[in-house]
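Values quoted throughout were computed directly from the atomic coordinates according to the rules given, and no laboratory measurement underlies them. As the structure is a computational prediction, the values presented were derived from the model and not from experiment. FYI the Cβ positions are ideal-geometry reconstructions off the backbone, even for glycines, and counts take in every protein chain you see.
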Amino acid sequence: MKFVSVPIPLKRRKPVSIRRDVFRLSMPVLLSSLFQRLVSIVDIFLTGGLGAAAIAATGLGQLLMFVSMTVFWGLSTGTTVVIAHLWGAGRREDAGRAAFVACLACLLMTAACTAIGSVWGGEIARLMGASPDVQVYAAEYTRLVFLWMIWTTGLNVLSAIMHGIGDTRTPMEAIILVNILHVVLAWPLIYGKLGLPPMGVKGAAIAINTSEFVGCSYLLFQALRKKYIAFSRPDLQIFGRIWRVGWPVALERIAQQSGQLFYSSIIIGYGTSAYAAHQIGLSIESLSFMPGAGMGIAAATLMGQSLGAGKLRRARISHNEALRLAVVVMTVMALIFFCAPHYLIGLFSQDPDVIEKGSLFLRLVAFAQVPLAISFVYAGSLRGTGDTFYVFIVTLVAMWGIRVALSWVAAEWLHLSLYAVWGVFLIDWYFRGAAFAWRYHKRDLHSAAL
């Protein structure tokens, strides 16, 4: 890490430099996450002209993909943390070997997920209780996105390698490239423009596959050019370190996404327009995740590199700077969601019922922004120390013990309104923020070596 060469005392100089490092790492991650999420948002936006069933089917297909990505998020987090520790300790060759073994693991796991998802993805929509028209759209969409899932997982793991090294700019460039291509391809493929036949939601899936292929290829080229990956015999010891950090993250994401799947099935019970409003609201809300997610990755990277180099004070300052920035930005997002929800929902649908329901959803989301910021950054710092099992336990309790259980009681036992079911997620996020903050302040960084 470079420090500004200004003749002032170290105690004054260090936080300024670390704040710049947080910006340097988090801003490209923020933009990468924003543009990555925009791929899904553009699909929801463009399929909106096909009706509520197409929106619901696209949302279901994306949700199934997110559930399938749980294991890869575990692999990615473990890769980022281990490479950050090795890079911070100056062990560049070992970091390259860790990157190579992560790529091999990604290939093997993708083959298994592709085989399962491309065959059974549409059937899951039926089991979730989707209407017949939604099932038809969902089967088309999921089969194609799972068939070419390797480009999605490759983007994820290659980005994780670069995040651990501290190169967050290159993944940002790849995701921007993906978005440009996706927008150029999706509209004519969905609606049959520029001489192409109209393909509907199938066209949306083809656009995603093609654009992510290009983005993944770009990242692989840059990783090889910059020698981030060292080809060697697979090092099982390094993979063991990656998976020790990563498997709790995989379980955490499984708990999160499976719980979200169950939670969504409860929302579907309130009707197609309710689920369409829910899906649009989630797409808009995901924009607010970006600052928190970016600061969380920056916190994990700087925490890992600082601990690898034995710089504990720098690790603490990095966390504090990331937290401060996340809270400020997400507070601004909260004000936007609360004051202008109708305008935001109206960008995706002109259905009055969808706009009314989605607007109330966004106003509820506004009250979750600060606890979301706290949760993302504290969880990121805990992952940077290798304390991923605790993050998994908190996520499991919050999602299944609070969100799923309370929403099921509200809908099935008490027969409360859709808005009561939506309100449950506020309890979830306030609990997570408090639990992660408590653990971090109790954590002994001296014992956090991998």
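Quick one: dipole size for the range 156-301, taken about the Cα centre, charges +1 on Lys/Arg Cβ and -1 on Asp/Glu Cβ, in debye to the nearest 20.
The calculated dipole for the range 156-301 is roughly 380 debye.
Would you look at the GNM of the chain, springs on alpha carbons closer than 10 Å, and say which of Ala112, Ala277, Ala223 moves the most?
Judging by the Gaussian network model, the answer is Ala112.
Give me the Debye-computed log₁₀ of I(q)/I(0) at q = 0.11, 0.16, 0.23 Å⁻¹ for the range 344-440, equal point scatterers on Cα only, no solvent, two decimals.
Cα-only, vacuum Debye calculation for the range 344-440: -0.41, -0.76, -1.08.
Provide the FRET efficiency to the nearest 0.05 for the Phe221-Leu414 pair, computing r from the beta carbons and using R0 = 51 Å.
Efficiency at R0 = 51 Å is approximately 0.35.
Taking the Cβ of Ala230 as the center, what net charge do the other residues with Cβ under 14 Å away carry, scoring Lys and Arg +1 and Asp and Glu -1?
Neighbourhood net charge equals +4.
In nm², what is the average projected area of the convex hull enclosing the Cα atoms of the range 13-447?
Mean orientational projected area (the range 13-447, Cα hull): 19.7 nm².
Which order, highest average first, do 74-81, 398-405 follow once you tally other Cβ atoms within 10 Å for each residue and take the mean per peptide?
The densest-packed peptide leads the list: 74-81, 398-405.
Order the peptides 173-185, 284-296 from the highest to the lowest mean number of other Cβ atoms within 10 Å of their residues.
The densest-packed peptide leads the list: 284-296, 173-185.
Please state the shape class of the range 243-361: rounded when a/c is under 1.5, otherwise prolate if a/b exceeds b/c and oblate if not, all from the C-alpha gyration tensor.
oblate
Among 210-221, 139-150, what's the highest-first ranking by average C-beta atoms within 10 angstrom per residue?
The peptides rank, most packed first, as 139-150, 210-221.
Can you tell me the dipole magnitude for the chain around its Cα centre, using point charges on the Cβ only (Lys, Arg +1; Asp, Glu -1), in Debye to the nearest 20?
Dipole about the Cα centre, nearest 20: 2260 debye.
Can you grab the distance from the C-alpha centre of the range 377-436 to the C-alpha centre of the range 265-324, Å, no decimals?
Centre-to-centre (Cα) distance: 14 Å.
Placing +1 on the Cβ of each Lys and Arg and -1 on the Cβ of each Asp and Glu in the chain, which of Ile180, Ala398, Gly304 has its Cα farthest towards the positive end of the resulting dipole?
Looking along the dipole axis, the top candidate is Gly304.
Need one word for the range 190-305: rounded, prolate or oblate. Basis is the Cα gyration tensor (sqrt eigenvalues a ≥ b ≥ c); a/c below 1.5 gives rounded, then a/b vs b/c decides.
oblate
Could you tell me how many cubic angstrom of Cα convex hull volume the range 249-304 has per residue?
Cα-based convex hull of the range 249-304, divided per residue, equals 68 Å³.
Rounded to whole Å and sorted largest first, what semi-axes of the equivalent ellipsoid does the C-alpha gyration tensor of the range 388-445 yield via the square root of 5 times each eigenvalue?
That gives 28, 10, 6 Å for the three semi-axes.
Dipole of the chain (Lys/Arg Cβ +1, Asp/Glu Cβ -1, origin at the Cα centre): which of Ala293, Ser118, Tyr137 lies farthest to the positive side?
Ala293
How high is the FRET efficiency from Arg91 to Val183, r the C-beta distance, R0 35 Å, rounded to 0.05?
Result of the calculation: an efficiency of 0.30.
Given the DSSP H assignment, sum -39500 (n - 2.57) over each helix run of at least 4 residues in the chain and divide by its residue total; what's the result at 222 nm in deg cm²/dmol, nearest 500?
Only helices count here, giving -28000 deg cm²/dmol.
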